[in-house]
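Everything below concerns the one structure shown next.
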Amino acid sequence: MPNARTTNGVRLEFAADSLVQSNLSGATFTGDWLWVAGDEACGVDRLRRLEPVGGEVLRFGDVHDFPLADLLSLPGGPEDEADLEGMAVADGFLWVVGSHGLKRKNAKPDRGHADNARRLAKVALDSNRRLLACLPIEPDAQGAPCLVRRAQDGRKALRLKGDATANLLTRALADDPHFGPYMAIPGKDNGFDIEGLAVDGRRLLLGLRGPVLRGWSALLEIEVETRVDDLRLVPLDDNGTLIRKHFLQLDGLGVRDLHFSGDDLFILAGPTMVLNGDIRVFKWPAARPALAANREPARFEEALTESVPLPHGRGVNRAEAICQLPPSLSGGKAQWLVLYDAPGADRKDGGHAVFGDLLRRE
């Protein structure tokens with residue numbers, strides 16, 4: 001469990017026209033290459049390891065963007081944001097998930113009271129938010145990992161079957177006694193909001209930022225399989241259970257990201273609504289075998305341990321992504337990268353470079 005933090009230990013350099021650096025929401029590694037996503041874009045960025053130029057421990061740049069519209073048939077338009085919130089690499093695929101939630105327009109300081117009241121009443125769905133997909137990773141001629149629509153070995157980019165309004169997951173949750181009532185509530189209002197993804201084979205864990213129910217946060221466990229040109233939900237047991245629910249005691253915080261480290265599951269947690277509050281890392285020890293052995297459709301987990309707390313500011317420096325460094329980058333010692341949405345001035349260098357933190361054991 002990490003107990004120390006190196007502030008601004010990792011430097012990320014983006015292109016001049018990139019917007020991702022200000023809304024980082026997901027991260028994962030393949031070797032020395034870092035993949036990141038932002039919640040206001042509709043693509044995935046790949047960064048290459050570079051030599052440090054200052055006091056940072058690691059530096060990544062030479063960014064390459066992979067638009068999702070080049071890889072998948074999207075439920076919404078190619079320019080509509082996907083609100084990507086979770087990423088994971090498993091078995092040669094990069095998995096991504098959108099928030100799946102509704103959004104509410106915000107009041108603006110330059111608008112009148114009546115106009116802002118109308119804005120605050122408007123709730124909408126960006127169809128690409130209801131995206132759960134696996135994207136094949138294949139090296140190019142120079143050996144750099146790339147995302148492709150179809151790999152040479154036959155692997156294909158696939159998304160969970162659905163249309164512009166719903167997919168198999170949201171349909172399965174529509175009548176759920178815990179989460180069904182929240183499907184019509186915007187994510188920022190403690191409505192349904194996926195913000196974490198962890199993958200174990202074809203079993204997926206989806207971490208919910210909201211809703212938090214009487215202080216209990218939730219993970220949704222599903223299993224998917226390939227059916228020709230899309231992904232389908234398959235039962236988790238002989239009773240036909242499509243979704244298992246794992247309620248976690250995170251002191252009232254919602255899930256912001258998930259990451260398997262061996263058998264343990266690391267959970268980045270923060271406020272579920274638009275609040276400036278605690279952001280912490282929790283560990284569910286031996287989560288992987290516990291999940292494999294579980295047959296309950298809903299279970300409660302309190303045996304979590306807490307790591308070093310993470311900093312946050314007023315409207316800035318919100319930790320949104322956590323992933324473990326591969327051994328080639330960590331020197332053989334366990335280290336984790338944490339990236340921040342809305343980085344403050346203390347996490348910026350010019351207009352296109354931002355900094356993340358390193359967590360480590362001491």
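The values are calculated or read from the model by the stated rules, or taken from the named source; none is laboratory data. Just so we're clear, the structure is a prediction, and the values are computed from it rather than from any experiment. Backbone-built Cβ (ideal geometry, glycine too); neighbour counts: all protein chains shown.
Mind checking which strands (runs of 3 or more DSSP E) fall wholly inside the stretch 196-236 and carry at least 3 residues that are under 25 Å from Leu268 (Cβ atoms)?
So the answer is 203-213, 216-227.
Picking from Ala88, Ala82, which residue would you name as being closer than 28 Å to Arg203 by Cα, outside any loop (DSSP other than H, G, I, E, B), in contact with a strand residue (DSSP E or B) (Cβ under 7 Å, 6 or more places away or on another chain) and aliphatic (A, V, I, L, M)?
Ala88
Filter the stretch 14-32 down to residues that are over 20 Å from Arg256 (Cα atoms) and either among the hydroxyl-bearing types (Ser, Thr, Tyr) or buried (at least 20 other Cβ atoms within 10 Å of the Cβ) (or both), then give me how many there are.
The total comes to 3.
Tell me the residue from Arg214, Arg232 that is among the basic types (Lys, Arg) and in contact (Cβ under 8 Å) with a residue 12 or more places away in the chain, please.
On inspection, the qualifying residue turns out to be Arg232.
Residues of the stretch 246-259 being crowded, with 18+ Cβ neighbours inside 10 Å and assigned to a strand (DSSP E or B), which ones?
Selection gives His246, Phe247, Leu248, Gly254, Val255, Arg256, Asp257, Leu258, His259.
When Arg202 is evaluated against the numbered criteria (1) at pLDDT 95 or above; (2) among the basic types (Lys, Arg); (3) surrounded by fewer than 18 Cβ atoms within 10 Å (Cβ to Cβ), which criterion, by number, is the only one it fails?
(1)
Does the stretch 205-246 hold any residues that are out of contact with any His (no Cβ under 8 Å at 6 or more places or on another chain) and among the small types (Gly, Ala, Ser), and which are they?
Scanning the stretch 205-246 gives Gly207, Gly210, Gly215, Ser217, Gly240.
Hand me the list of strands (runs of 3 or more DSSP E) wholly inside the stretch 265-362 holding 3 or more residues that are over 18 Å from Ala218 (Cβ atoms).
318-324, 335-341, 353-360
Looking only at the stretch 268-315, filter to residues that are touching a residue at least 40 places away in the same chain (Cβ under 8 Å) and polar (S, T, N, Q); which one of those is surrounded by the most Cβ atoms within 10 Å (Cβ to Cβ)?
Applying the filter and picking the extreme gives Thr272.
Might you let me know whether the stretch 126-144 holds any residue that is within 30 Å of Asp32 (Cα to Cα), over 24 Å from the mean Cα position of the chain (by Cα), part of a loop (DSSP other than H, G, I, E, B) and small (Gly, Ala, Ser)?
Yes; the residues of the stretch 126-144 include at least one that is within 30 Å of Asp32 (Cα to Cα), over 24 Å from the mean Cα position of the chain (by Cα), part of a loop (DSSP other than H, G, I, E, B) and small (Gly, Ala, Ser).
Given the conditions (1) surrounded by 18 or more Cβ atoms within 10 Å (Cβ to Cβ); (2) within 26 Å of Ala321 (Cα to Cα); (3) of a type outside the set (Val, Ile, Thr), and given that Gly162 satisfies all but one, which numbered condition is not satisfied?
Exception for Gly162: condition (2).
Restricting to the stretch 108-137, and then to whatever is aliphatic (A, V, I, L, M) and exposed (fewer than 12 other Cβ atoms within 10 Å of the Cβ), can you tell me which residue is farthest from Phe66 (Cα to Cα)?
Result: Ala114.
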